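Contents: one structure, followed by commentary.
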Number of protein chains: 2
Amino acid sequence: MTAEPESDEQACRQVLQILALIGDKWSILVVGHLRDRTLRFGELHRAVTGISQRMLTLTLRQLERDGLLTRTAHPTVPPRVDYALTPLGTTLLDSVVALAEWANIHRPTIIDNRCRYDATHPPRTQA
Amino acid sequence: MTAEPESDEQACRQVLQILALIGDKWSILVVGHLRDRTLRFGELHRAVTGISQRMLTLTLRQLERDGLLTRTAHPTVPPRVDYALTPLGTTLLDSVVALAEWANIHRPTIIDNRCRYDATHPPRTQA
DNA sequence: CAGTATCCGAAAGGATACTG
DNA sequence: CAGTATCCTTTCGGATACTG
């Protein structure tokens, strides 16, 4: 439980792996929309503004693979596919909420910091 | 405070902005190593295994710009630059810990889920 | 409706060489 | 020591067209 330098590095790498799960452009949006209710593919497509069909499919496959959501295809015509969070996906969302709160609290500060930085540090390189 | 569909979307987008701060390949590693003590550029370079000099510089600039760490250049020869977390950076790290715990608890499950998925779902497309 | 397949431009990031 | 500048490869993701 204690944090030696080595295990710190290990812990960071493991967090990174999880962050990779949801740190991409769309996963959190998709999971967020599934928080309250099951949604169909088309509903998700409309709900997550700006996502392409391709990215929605890839994102859903990834999340399904990791066990964060379930995919249920109904053998009807026309086809109907429902996506729902698993308990695992729900607990992840709960953990992300902590970060969400941090985000909401400190976002103004960070934006301010950036403005101040940009004002005092002339863009010499790699703007 | 209540969560309407619209504000959910907004909240997710805001979390995404923060996740973009630290969801990149290196930021968390750098911040993690600065958790306990101030480090010099070279120390960080050695501590964060695999990072290139370029990426370390860019990551540090970004974190400095957002006010998550401070950069202190000592006018000595040879030059010496110290990096340290700000209080803001420290609080972020605290929030990330929640995610870290989630990661450590559920990582085996996720890995298992993946294996099961890969075993049952033949790689038809876009492997 | 719910995808798949293909193409393509943008962006991230590594390797290397050079500098105050 | 602590960067910068440049090049170059890899990856990400959007647009589009097609299918069961």
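Brief remarks follow.
- Accessible area buried, both sides summed, chains A and B with 1.4 Å probe, Å²: 4900 Å²
- The residue in chain A that lies nearest, by its beta carbon, to the axis linking chain A with chain B is given here with the distance in whole angstrom as A:G23, 2.
- The trypsin sites (Lys or Arg not before Pro) of segment A:47-127 meeting both criteria, a DSSP state outside H, G, I, E and B (loop) and at most 15 other C-beta atoms within 10 angstrom of the site's C-beta, are A:R124.
- Stokes-Einstein diffusion for the protein assembly as shown, with the hydrodynamic radius set to the Kirkwood value over Cα pairs and evaluated at 25 °C in a medium of 0.890 mPa s, equals 123 µm²/s.
- Charged-residue dipole, Cβ positions (Lys, Arg, Asp, Glu), segment B:16-120 about Cα centre, Debye nearest 20: 320 debye
- Whole-angstrom gap from segment B:30-64 to segment A:69-127, using each part's C-alpha centre: 24 Å
- Relative contact order [Cα under 8 Å, 6+ residues apart], chain B, whole percent: 20 percent
- From the C-alpha gyration tensor of segment A:1-79, square roots of 5λ in Å: 33, 13, 10
- Other protein chain Cβ atoms within 10 Å, averaged over every residue that makes up A:17-28: 5
- Across the identical copies, the label point of B:P108 (7 Å from Cα in the Cβ direction) is separated from its matches by 4.5 nm, in order from shortest.
- When all alpha carbon pairs of segment B:74-127 are counted in 10 Å bins from zero, the resulting P(r) reads 18, 21, 20, 18, 15, 7, 1 %.
The values are calculated or read from the model by the stated rules, or taken from the named source; none is laboratory data. The shown structure was predicted, so the numbers you read here are calculated from the model rather than taken from an experiment. Note: ideal-geometry Cβ built from the backbone for every residue, glycine included; neighbour counts use all protein chains shown. Heads up: the accessible areas ignore ligands, DNA and RNA and are worked out on the full protein's heavy atoms, side chains in. Shrake-Rupley method; radii C 1.70, N 1.55, O 1.52, S 1.80 Å.
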